[in-house]
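What follows is a short report on a single structure.
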Amino acid sequence: MDVTSPTQDGARRGGRGRNPRGQGERLREDIVAAALRMLDELADDQALSLRAVAREVGIAATSVYIHFADRDALVLAALERFHHDLVRAVDQAEAGADDPVAGLRARVLLLGTWVQRHPGLYKVLHESTLNQRTAMSFKQELAERTTAAVRRCMDAGLAPADDAAVVSLDLRAAVHGAVSMRVNQPDLPWPPLEEQVDRFLTKLVGVRPATP
């Protein structure tokens with residue numbers, strides 16, 4: 001889930017040729033990739049400007065407006081794409097596990113790893129002014145998949161039978177609280193995230209994960 005793009009070096013050297021006819025979608029993806037890199041560095045959607053994104057890509061600012069009406073539209077598109085990549089990554093992490101409990105643990109830990117690598121994007125995704133003003137419905141997909149992972153643990157008899165949606169909400173609230181505090185208060189003496197996640201799984205889901 002690298003937020004860089006193969007066109008990054010060429011763009012920063014200043015200028016790029018016009019995309020061949022029919023490759024407007026490629027330019028759109030280049031713009032989104034540049035916005036992702038910059039949002040990760042800025043950690044603030046309000047600090048992003050379309051002109052700065054255009055300079056990053058090596059195009060005129062007017063070319064950005066062909067694809068995005070305003071900054072909010074670009075930020076939303078960038079966050080949605082990155083969230084899609086995150087969902088795919090946590091699904092792959094779960095798929096590589098030996099049982100439903102290990103799969104649920106892998107999902108949660110992958111999320112924590114992502115936040116550690118991209119704290120700026122995490123802040124924009126969950127704590128930005130845009131997040132407060134706009135319903136980012138695409139975020140529901142990750143919540144639903146976590147609920148499904150909790151339900152698989154229950155169906156396998158590895159967790160007590162309960163309302164999977166409620167248990168999943170409690171787990172997600174705990175995990176997001178843990179990672180958000182790490183992002184916003186990085187100098188505190190935090191315990192290893194793996195240990196904290198295992199406690200959440202034990203106390204909130206009722207499973208005892210076997211640590212590697």
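The values are calculated or read from the model by the stated rules, or taken from the named source; none is laboratory data. If you're wondering where the values come from, they're calculated on a predicted model, not measured in any experiment. So basically every Cβ, Gly included, is an ideal-geometry build from the backbone, and we count neighbours across all protein chains shown. Protein only, heavy atoms only, side chains kept; ligands, DNA and RNA dropped before computing areas. Shrake-Rupley method; radii C 1.70, N 1.55, O 1.52, S 1.80 Å.
Identify, from the list VAL183, VAL175, VAL150, the residue that is touching a Ser or Thr at 6+ places or on another chain (Cβ under 8 Å), within 26 Å of PHE82 (Cα to Cα) and buried (at least 16 other Cβ atoms within 10 Å of the Cβ).
Working: VAL183 fails: touching a Ser or Thr at 6+ places or on another chain (Cβ under 8 Å); VAL175 fails: touching a Ser or Thr at 6+ places or on another chain (Cβ under 8 Å).
Being touching a Ser or Thr at 6+ places or on another chain (Cβ under 8 Å), within 26 Å of PHE82 (Cα to Cα) and buried (at least 16 other Cβ atoms within 10 Å of the Cβ) holds for just one of VAL183, VAL175, VAL150, which is VAL150.
Step by step: first the residues of the range 162-171, then only those that are among the aliphatic types (A, V, I, L, M) and within 15 Å of VAL101 (Cα to Cα), then the one that is surrounded by the most Cβ atoms within 10 Å (Cβ to Cβ). Which residue is that? Please lay out each step first, then the result.
Step one: filter the range 162-171 for residues among the aliphatic types (A, V, I, L, M), giving 164-167, 169, 171.
If we keep only those that are within 15 Å of VAL101 (Cα to Cα) as well, we get 164, 167, 171.
Working: ALA164: 20, VAL167: 21, LEU171: 23.
Checking each candidate, the answer is LEU171.
Residue by residue through the range 50-67, note down the ones that are over 25 Å from the mean Cα position of the chain (by Cα) and open to solvent by less than 70 Å² (accessible area, probe 1.4 Å).
Hits for the range 50-67 are GLY58, ILE59, ALA60, ALA61, SER63.
Pairs under 8 Å by beta carbon, first residue touching a residue at least 12 places away in the same chain (Cβ under 8 Å) in the range 153-165, partner of a type in the set (Ser, Thr, Tyr), six or more apart or different chains?
Note: pairs meeting the criteria are ALA164/THR147; ALA165/THR147.
Between residues in the range 118-141 that are within 19 Å of GLY177 (Cβ to Cβ) and among the hydrophobic types (A, V, I, L, M, F, W, C) and residues that are open to solvent by less than 10 Å² (accessible area, probe 1.4 Å) and part of a helix (DSSP H, G or I), which pairs lie under 6 Å by C-beta distance while being six or more apart or on different chains?
Hits for this filter: LEU121/LEU39; VAL124/LEU39; VAL124/ASP45; LEU125/LEU79.
Tell me the residue from VAL53, VAL87 that is touching a helix residue (DSSP H, G or I) at 6+ places or on another chain (Cβ under 7 Å) and under 30 Å from ALA156 (Cβ atoms), please.
Working: VAL53 fails: under 30 Å from ALA156 (Cβ atoms).
On inspection, the qualifying residue turns out to be VAL87.
Under the condition of being part of a helix (DSSP H, G or I) and closer than 17 Å to ASP99 by Cβ, which residue from the range 172-212 is nearest to the chain's Cα centre (by Cα)? Steps first, answer last, please.
Quick first cut of the range 172-212, residues part of a helix (DSSP H, G or I) only: 172-184, 193-205.
Checking the rest, the ones that are also closer than 17 Å to ASP99 by Cβ come to 197-198, 201-202, 205.
On the way: VAL197: 18, ASP198: 21, LEU201: 21, THR202: 25, VAL205: 23 Å.
Per the stated criteria, the residue is VAL197.
Do we find that ASP198 is open to solvent by less than 80 Å² (accessible area, probe 1.4 Å), closer than 18 Å to GLU94 by Cβ, of a type in the set (D, E, K, R) and at pLDDT 95 or above in this structure?
On the way: open to solvent by less than 80 Å² (accessible area, probe 1.4 Å): yes; closer than 18 Å to GLU94 by Cβ: yes; of a type in the set (D, E, K, R): yes; at pLDDT 95 or above: yes.
Considered against the rule, which asks whether it is open to solvent by less than 80 Å² (accessible area, probe 1.4 Å), closer than 18 Å to GLU94 by Cβ, of a type in the set (D, E, K, R) and at pLDDT 95 or above, ASP198 comes out as yes.
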